[in-house]
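K.L.:
Below: one structure in structure tokens.
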Amino acid sequence: MSRRTLLLTTAALLAVTLTGCADGTTPSQTAAQGSGSGTGRHASDTPEQTLHLAEQLLTKECMEKRGYKYWVEERPAPDGPSLFPYVVDDPAWAARHGYGNDIYRAQQREALRDPNQRYFRSMPADRAPELVSALNGPRPEGLSVRLPNGIQVTHSDQGCVAEAERALYKDLPAWFRATRVATSLAGMRAGMVVADKRYLAALKPWARCMKAKGYTYPSPAEARAAATRPDKEWPHAEEVRLASAEAACAGSASSPSSGPGSGSDTLSAVVKSLDAEYRAELRRRHPGPTADLDRLKREALPRARTIVARGD
């Protein structure tokens with residue numbers, strides 16, 4: 001993807017994986033992943049959806065005041081890695097989607113039709129930087145945080161993205177700090193889970209189960225990597241067979257003594273337990289940003305509902 005395309009954001013999708021870019025931009029702010037078809041006047045089923053839609057409507061309003069067009073973006077549908085960060089353990093989902101390559105390809109096709117991306121590509125070369133500046137601010141300055149992993153990320157406190165977040169969450173620096181730290185902690189948590197000796201122990205019976213089904217991958221990560229290589233697309237049926245084997249083995253007890261239906265030492269159960277354990281530990285170690293994120297969302301929700309009810 002070109003630098004020019006990367007600079008076009010679809011604004012305010014913050015609950016995604018941090019890329020580690022110098023300006024702290026997230027993938028949702030660098031690629032059009034939503035449908036781009038909404039006017040903002042549709043129902044919001046969850047608080048997260050309501051907050052997202054309110055941010056989008058505020059961004060749209062801001063961009064139009066500055067003389068630009070902007071289309072409200074839907075929240076991207078969850079994909080395989082976000083639903084199953086450690087192991088695919090839902091047989092029904094695996095039977096339908098495999099590892100989610102079909103979802104990824106659908107998102108890529110949708111991105112080509114995205115009106116925000118098409119609008120950006122239609123801009124004269126001398127106006128494109130002005131559009132980027134209107135959306136993201138002129139420079140990645142004004143907001144800064146050092147993450148628990150030591151990476152310093154910055155972002156502009158100007159532009160329509162910042163203006164929308166300031167209007168919704170009020171304390172923009174606190175929002176920037178809380179969202180970036182929370183995303184960083186999610187990555188740290190995943191690393192802690194897969195390094196835990198209990199996870200490594202649970203991998204062994206999973207790998208034996210997979211071998212009995214004809215697969216020699218030592219971990220779910222390696223199975224997923226094989227099936228999702230960008231340079232070698234697997235047939236969907238083959239992908240589904242592998243993912244279905246992974247899901248079946250994720251729910252298989254690690255020892256005969258576990259008994260039918262115990263499930264307590266399956267790989268699926270182990271990763272869920274470890275994920276919850278390390279989530280709580282990281283919240284204890286970093287109470288400020290995690291508490292701020294909960295508070296800012298809670299306080300913003302009534303404002304978001306008003307904005308969504310008003311529409312665009």
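The values are calculated or read from the model by the stated rules, or taken from the named source; none is laboratory data. No experiment lies behind these values; they were computed from the predicted model shown. Note: areas computed on protein heavy atoms with side chains; ligands, DNA, RNA excluded. Shrake-Rupley method; radii C 1.70, N 1.55, O 1.52, S 1.80 Å.
K.L.:
May I ask for the distance between the Cα centers of the range 212-242 and the range 140-154, given as a whole number of Å?
P.N.:
Cα centres, the range 212-242 to the range 140-154: 36 Å.
K.L.:
Follow-up question, since we're still on this one. Using a 1.4 Å probe and ignoring any ligands, DNA or RNA, find the accessible area of His286 and quote it in Å² to the nearest 10.
P.N.:
The accessible area comes out at roughly 50 Å².
K.L.:
Moving on to the next point. Give me a comma-separated list of calculated 3J(HN,Hα) values for the range 201-215, in order, Karplus coefficients 6.51, -1.76, 1.60 applied at θ = phi - 60°, integers in Hz, x for any Gly or Pro.
P.N.:
5, 6, 5, 4, x, 4, 5, 5, 4, 5, 5, 5, 8, x, 10
K.L.:
Continuing with the same structure: What number results when the radius of gyration of the range 170-234, computed over Cα atoms, is divided by 2.2 N^0.38 Å?
P.N.:
Taking the Cα Rg and dividing by 2.2 N^0.38 Å, one obtains 1.65.
K.L.:
Right, next: Cα extents of the range 76-214 along the three principal axes, largest first, in whole Å?
P.N.:
Rounded to whole Å, the extents work out to 60, 37, 25 Å.
K.L.:
What's the center-to-center distance, using Cα atoms, between the range 195-209 and the range 61-107 in Å?
P.N.:
So the separation of the two Cα centres works out to 29 Å.
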